[in-house]
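S.K.: What follows is a single structure, and I will ask about it in a moment.
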Amino acid sequence: MDMDEVLKTFIAESQELLLQMEDALLQLEHTPGDADTINAIFRAAHTIKGSAGLFGLDLIVAFTHIAESVLDRVRSNELQFNAELTALFLQVGDHLARLIALVDAGADLNTLEVEVQATHETLSEQLSYYLAPATAAKPVASQPTRIERGNASGLSADHWHLSLRFGPDTLRNGMDPLGLFRYLNTFGRIVSIVPLLDRLPSAAEMDPETCYLGFEIAFASDADKATIDGTFEFVREDSLIRILPPHSKSDEYLELIRTLPEEDMRLGEILMRCGTLTAAELQEVLLAQVEGQQRDEAQPIGQVLMEQSLVQAPVIAAALQKQQQIKDNRSNENSLIRVDANKLDKLIDLVGELIIAGAGARMTAKNCGHSEMLEATELLSRLVEEVRDSALPLRMVQIGATFNRFQRVVRDVSKEIGKDISLSISGGETELDKSVVERMGDPLTHLVRNAMDHGIESLQTRQANGKPAQGNVCLNACHDGGNIIIEVTDDGGGLDPQRILAKARERGLVSDSQTLTEQEIFNLIFEPGFSTADQVSNLSGRGVGMDVVKRNISALRGTIELSSTLGQGTRVRIRLPLTLAIIDGFLVNVGQAGYVIPLEQVEECIELHSDSAITRGHLELHGQMLPVVRLRELFDDDSTPPRRESVVVVQQGGLRAGLVVDQLVGEFQTVIKPLGKVFAACRVLGGFTILGDGSVALILDIPRLLTQLAAPRSAVPFETKQSYAHE
Amino acid sequence: MSSASAENLYRILPLEGSLSIYSATEHMGLLLQVLAPDAEVELDLSAIDELDCAGLQLLVLAKQEAGRIGCHLRLSNHSPAVIEAFELSGLGTFFGDPILIKPASE
């Protein structure tokens with residue numbers, strides 16, 4: 001397989017895992033100590049480390065390794081997740097995401113930008129802080145240090161290995177191990193050093209003048225053994241000194257591991273940290289053994305390590321993770337496939353064309369009146385319909401993942417602005433088109449931030465008004481017909497219509513003589529250059545928000561409305577089409593032109609007996625007055641109307657209207673094609689479609705049409721105010 | 001330096017001169033005294049001009065002890081002598097505190 005593609009998969013997977021990790025971390029804030037959640041975080045880090053290893057991304061491997069070690073301590077209950085650690089891990093996740101983005105951009109991780117490098121070091125250090133206290137010398141922390149300094153030479157075994165356990169009286173005898181190291185550095189170079197603090201007692205038993213230290217040193221030098229040996233002449237008496245020349249046989253390392261006082265397993269690890277054995281060597285050995293393959297030279301160490309690893313096996317785990325990784329991938333592959341979104345788009349496009357072609361075939365069959373042909377096309381169109389129904393959900397994703405991103409936003413912003421705000425989420429399982437979800441991110445972020453910054457009052461105000469101290473922002477999603485509704489609700493102070501109006505007058509958006517309904521006043525919020533915040537904060541209030549939000553939503557063929565109760569809170573409701581590609585439509589004719597009305601919005605069709613039934617743009621239907629629009633007039637069609645006309649009753653979001661048309665054609669599957677920019681001004685059109693016979697039909701944007709109808713009475717073109725006055 | 005209850009306590013202990021075998025006993029008392037549960041303790045190492053293995057051991061002990069009783073111990077303003085000793089012993093990462101001053105020669 002192409003390496004680039006595999007790398008892409010790694011990047012995509014890692015990004016997903018990091019998101020999962022972030023979700024889990026935020027969840028931990030609510031359910032601290034939940035083992036499953038902690039495991040999820042651990043698994044994410046673990047998998048990233050494993051995969052990064054496959055690509056030789058040592059920097060990421062080293063970094064995640066420390067993170068993983070800390071997590072491992074959490075898993076074994078040596079550490080607890082607290083706010084501090086959670087915050088650190090959120091940063092770790094951010095940093096990893098950044099590193100992975102760099103990999104994605106093809107950057108070389110060995111030469112990081114200063115800023116990234118600084119973050120990297122700080123986080124590594126902060127992480128290793130959590131490794132330090134309990135098992136003192138757990139030397140994992142030395143690994144990133146080595147890699148950061150780029151001592152690639154330290155990874156090969158062509159250096160001496162010194163194992164030093166200083167005797168208790170070393171210090172009292174006037175010998176300082178540090179002095180010995182300085183001396184070593186005069187005829188060689190300490191490539192890497194791992195301090196061993198196991199023997200250090202607790203404070204009560206500590207004798208400050210006794211030496212408790214031990215060191216494992218990788219030492220590069222051309223000097224002979226006698227010279228190196230001589231360094232330790234004065235401490236040899238009560239200390240344990242082992243010196244192994246470069247390129248020693250594995251048996252000798254094995255012997256070393258056995259003779260040193262520490263647990264064999266840990267020594268194997270330490271040798272690896274020191275660079276005496278490379279991680280790859282150690283892992284290879286272990287892997288080879290697991291796979292039952294023969295690898296003569298290093299096998300004994302592997303065996304020892306395996307034997308010792310029965311109880312606690314971080315190293316074996318690390319070695320096995322590649323294998324596990326492959327296994328995991330395989331089982332994932334069984335249930336999930338990753339597909340390029342473009343391929344999916346292509347498929348959906350083709351399904352769209354198929355629907356048009358199918359409709360054409362069906363129409364032809366109908367015109368021929370050939371019954372067998374008709375039957376065949378019926379079957380065909382049913383199958384096409386099924387294909388469509390199963391193709392569309394391919395692009396559908398749950399909005400929950402997008403909602404969950406906001407846990408982090410709310411957490412960070414509430415810290416930043418010093419308000420205690422929680423986020424509740426409902427309807428996360430609601431599915432909608434992936435491209436819609438992607439484009440909802442920005443507008444939602446804006447709305448949530450707005451709600452937090454302007455909506456939720458300060459603690460004092462809340463308490464004074466008898467509200468709970470903690471503010472709440474709620475994200476909700478649900479289906480409504482062919483639409484999806486997304487709501488952002490806060491329990492804050494609500495909007496003051498008078499203040500908005502005053503502000504709008506001040507800015508000249510509304511003239512002093514105009515009187516507006518409350519809803520109209522709220523809609524002013526969406527005007528460019530409008531902000532209600534008295535104070536401009538870092539987050540919002542500069543008046544470059546809601547109009548952009550509205551534009552974004554409109555671009556998705558959606559609508560946005562705002563309702564608010566002063567003192568109770570504000571609710572912003574966004575209504576979006578489920579998908580951008582295909583709808584079930586209802587085809588009608590006016591004159592020579594065909595128009596498509598989205599079927600979900602069609603309530604009923606009635607025959608219009610005579611023109612006189614319509615009075616002042618209204619028709620009495622089931623005892624209620626229904627506003628009606630003549631499509632012929634709306635589109636300036638001057639053809640002669642037929643004797644019998646029909647009315648299609650459409651409804652959307654509580655608004656209803658009747659559309660007077662010449663002829664009802666019937667249900668119709670429609671692929672929406674966008675209209676050119678020329679038609680941008682024509683707001684009642686949502687797009688066009690090509691009919692089976694090749695002619696073009698316009699798709700009506702019913703929500704917009706209804707909104708226009710409901711707009712100020714004076715704007716309705718069919719009736720004048722005067723005629724009202726006459727009645 | 002009392003060892004009374006220490007909610008949100010922040011202490012800075014400046015250490016100076018030689019942190020070595022010669023002053024180890026004295027320093028050990030001082031270091032252990034300054035630790036308190038839930039407190040944040042900062043050891044200012046800017047004036048340390050000598051640090052040997054005995055001193056290193058003490059710092060390790062203090063760190064471990066702090067971890068045991070739930071005290072946040074930080075080392076700050078590492079002097080060149082401290083940095084050199086940390087480099088030589090490989091203990092720098094054990095403490096995990098950011099070291100701001102880089103040694104002139106590495």
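The values are calculated or read from the model by the stated rules, or taken from the named source; none is laboratory data. Everything numeric here is computed off the predicted structure, so don't read it as measured data. Neighbour counts are summed over all protein chains in view; Cβ atoms, including those assigned to glycine, are modelled from backbone coordinates with ideal geometry. The accessibility values were calculated without ligands, DNA or RNA, using every heavy atom of the protein model including side chains. Shrake-Rupley method; radii C 1.70, N 1.55, O 1.52, S 1.80 Å.
S.K.: What residues of segment A:201-242 lose no less than 40 Å² of accessible area with every protein chain in place versus their chain by itself (probe 1.4 Å, heavy atoms only)?
M.R.: Buried-area filter returns A:ALA203, A:MET206, A:PRO208, A:GLU209, A:LEU213.
S.K.: OK, next. For the pairs A:LYS8/A:LYS434; A:LYS343/A:LYS366; A:LYS343/A:LYS673, flag any whose C-alpha to C-alpha distance is greater than 26 Å. Display every interim value, and only then the final one.
M.R.: Working: A:LYS8/A:LYS434 20 Å; A:LYS343/A:LYS366 34 Å; A:LYS343/A:LYS673 19 Å.
Beyond 26 Å: A:LYS343/A:LYS366.
S.K.: Across peptide B:27-39, how many C-beta atoms of other chains are within 10 Å of each residue C-beta, on average?
M.R.: Working: counts 1, 5, 1, 0, 2, 3, 0, 0, 1, 0, 0, 0, 0.
Averaged over the peptide's residues, the number is 1.
S.K.: Can I ask one more? Keeping the other protein chains in place, figure out the carbon and sulfur percent of the accessible area of segment A:399-577, with a 1.4 Å probe. Working shown, then result.
M.R.: On the way: 3780 of 8130 Å².
With neighbouring chains kept in place, the figure for segment A:399-577 is 46 percent.
S.K.: Taking 0.36 nm per residue of sequence separation and subtracting the Cα-Cα distance, how much length would be gained by fully extending the chain between A:LEU459 and A:ASP512, in nm to one decimal? Could you put the intermediate results ahead of the total?
M.R.: Values: separation 53, 0.36 × 53 = 19.08 nm, distance 3.56 nm.
Extra length from A:LEU459 to A:ASP512 when fully extended: 15.5 nm.
S.K.: Protein chains only, probe 1.4 Å: how do A:HIS95, A:HIS30 rank by accessible area, largest first?
M.R.: Details: A:HIS95 5, A:HIS30 135 Å².
Accessible-area ranking of A:HIS95, A:HIS30, largest first: A:HIS30, A:HIS95.
S.K.: Could you compute the net charge surrounding A:VAL473? Neighbours are other residues with a C-beta less than 12 Å from the C-beta of A:VAL473; K and R count +1, D and E count -1.
M.R.: Net charge around A:VAL473: -1.
S.K.: How high is the relative contact order of segment A:399-577? Use alpha-carbon pairs under 8 Å, at least six apart in sequence, and give a whole percent.
M.R.: Numbers: 308 pairs, mean separation 42.4, N = 179.
Taking the mean separation of contacting Cα pairs over the length of segment A:399-577, I get 24 percent.
S.K.: Given a 1.4 Å probe and every protein chain left where it sits, what share in percent of the accessible area of segment A:1-141 is carbon and sulfur?
M.R.: Working: 3140 of 6090 Å².
Answer for segment A:1-141 is 51 percent, counting heavy atoms of protein chains only.
S.K.: Leaving out ligands and nucleic acids, note down the accessible area per residue over segment B:10-93 with a 1.4 angstrom probe, in whole Å². Please report the intermediate quantities before stating the final value.
M.R.: Details: 2970 Å² over 84 residues.
For segment B:10-93, the per-residue accessible area is 35 Å².
S.K.: How high is the FRET efficiency between A:ASN110 and A:ALA83 when r is their beta carbon distance and R₀ equals 25 Å, given to the nearest 0.05? Don't skip to the answer; put the middle values down first.
M.R.: Working: r = 34 Å, r/R0 = 1.37.
With a Förster radius of 25 Å, E is 0.15.
S.K.: Determine the order of A:THR364, A:THR186, A:THR402, A:THR559 by accessible area, beginning with the largest, at a probe radius of 1.4 Å. Each step should come with its number before you reach the end.
M.R.: Working: A:THR364 75, A:THR186 100, A:THR402 25, A:THR559 50 Å².
Heavy-atom accessible area, descending, gives A:THR186, A:THR364, A:THR559, A:THR402.
S.K.: Here's something else I'd like to know. Ignoring everything but the protein chains, give the 1.4 Å probe accessible area of A:LEU18 in square angstrom, nearest 10.
M.R.: Accessible area, nearest 10 Å²: 10 Å².
S.K.: Could you report the accessible area of A:THR565 in Å², rounded to 10, computed with a 1.4 Å probe on the protein chains as they sit in the structure?
M.R.: Probe radius 1.4 Å; accessible area of A:THR565 about 80 Å².
S.K.: Okay, next question. Using only protein heavy atoms and a 1.4 Å probe, how much accessible area in total is buried between A and B, to the nearest 100 Å²? Walk me through the numbers before you get to the answer.
M.R.: Details: alone 36940 and 6210 Å², together 40250 Å².
Approximately 2900 Å² gets buried when A meets B.
S.K.: Ignore the peptide's own chain and count Cβ atoms of other chains within 10 Å of each Cβ in B:14-24; give me the average, rounded. Write down the numbers at each step before the final one.
M.R.: Numbers: counts 0, 0, 0, 0, 0, 0, 2, 10, 1, 1, 6.
Mean partner shielding for this stretch: 2.
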